[in-house]
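K.L.:
Dropping the structure in here first, questions after.
The values are calculated or read from the model by the stated rules, or taken from the named source; none is laboratory data. What you see is a predicted model; the values in this text were computed from it and never measured. With ideal geometry, Cβ positions are generated from the backbone for all residues, glycine too; neighbour counts draw on all protein chains shown. Heavy atoms of the whole protein, side chains included, go into the accessibility calculation; ligands, DNA and RNA do not. Shrake-Rupley method; radii C 1.70, N 1.55, O 1.52, S 1.80 Å.
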Amino acid sequence: IEQMQEGALSLAEDGTVLYCNAFLAGRLGVAVEELVGADFEPRVAPEMRPSYRSLLAAGVEASARGVLELRDTAGAALPVIASFSRLPSGSPRT
């Protein structure tokens, strides 16, 4: 994941960043450490936040996909295609 030239992000159900790869952090103009543990919503363009919240909520139950616009630290737009889906938790049962 760290070597790919795409942004990768894992969020908790409340939007807290659990993981962010260096590529996405670099495009946003911040260090990975600045994102992990923080709420991701402030990185989403204000006009896209209702869509972000809907995608995040839909991703808890099933997969959801949509277009969002993020903002880097300078305020420049970063359009993205975002996919949300619940990741399995815990260890597999045998």
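K.L.:
At 1.4 Å probe size, with the rest of the protein present, what percent of the exposed accessible area of the chain is carbon and sulfur atoms?
P.N.:
Answer for the chain is 53 percent, counting heavy atoms of protein chains only.
K.L.:
Okay, moving on. Which residue, chosen from Leu87, Leu68, Val32, occupies the Cα position most advanced towards the positive end of the dipole of segment 15-94, where the dipole is computed from +1 (Lys, Arg) and -1 (Asp, Glu) charges on Cβ about the Cα centre?
P.N.:
Positive-end residue among those listed: Leu87.
K.L.:
Quick one: length gained pulling Val67 to Ala45 fully straight, 0.36 nm per residue minus the C-alpha distance?
P.N.:
Here the answer is 6.8 nm.
K.L.:
Here's another thing I want to ask about it. Only Lys, Arg, Asp and Glu count, each charged at its Cβ (+1, +1, -1, -1), so figure out the dipole size of segment 9-94 about its Cα centre, rounded to 20 debye.
P.N.:
280 debye
K.L.:
Further question on the same structure: For the pair Ala74/Val36, report the inter-label distance in nm, with labels modelled 7 Å from Cα in the Cβ direction.
P.N.:
Each label point lies 7 Å from its Cα, and together they span 2.7 nm.
K.L.:
Rounded to the nearest 500 deg cm²/dmol, what is the calculated helix-only ellipticity per residue at 222 nm for the chain, with -39500 (n - 2.57) per DSSP H run of length n ≥ 4?
P.N.:
On the way: 3 runs with 24 residues, N = 94.
Value at 222 nm, helices only, nearest 500: -7000 deg cm²/dmol.
K.L.:
Helix 49-61 versus the longest principal axis of the chain: what angle, 0 to 90°, nearest 10, using Cα atoms?
P.N.:
For helix 49-61, the angle is close to 10 degrees.
K.L.:
Still on this structure, I have one more. With the other protein chains left in place, how much accessible area per residue, in square angstrom, belongs to the chain at a 1.4 angstrom probe? All intermediate terms of the calculation are to be shown ahead of the outcome.
P.N.:
Working: 6050 Å² over 94 residues.
Here the per-residue accessible area is 64 Å².
K.L.:
Next question. Which three lengths, in whole Å and largest first, does the chain cover when its Cα atoms are put on their principal axes?
P.N.:
49, 29, 22
K.L.:
Under the rule that an exposed site lies in a DSSP loop and has at most 13 other Cβ atoms within 10 Å, name the longest stretch of the chain with no GluC sites (Glu not before Pro) of that kind, not counting the sites themselves. Working shown, then result.
P.N.:
Numbers: sites that count: Glu2, Glu6, Glu13.
No qualifying site falls inside 14-94, the longest such stretch.
K.L.:
Now for a different question. Name the long-range amide H neighbours of Ala45: under 5 Å, sequence gap of 5 or more, or other chain; modelled H, no Pro or chain starts.
P.N.:
Amide H neighbours of Ala45, under 5 Å, 5+ apart: Glu69, Leu70, Arg71.
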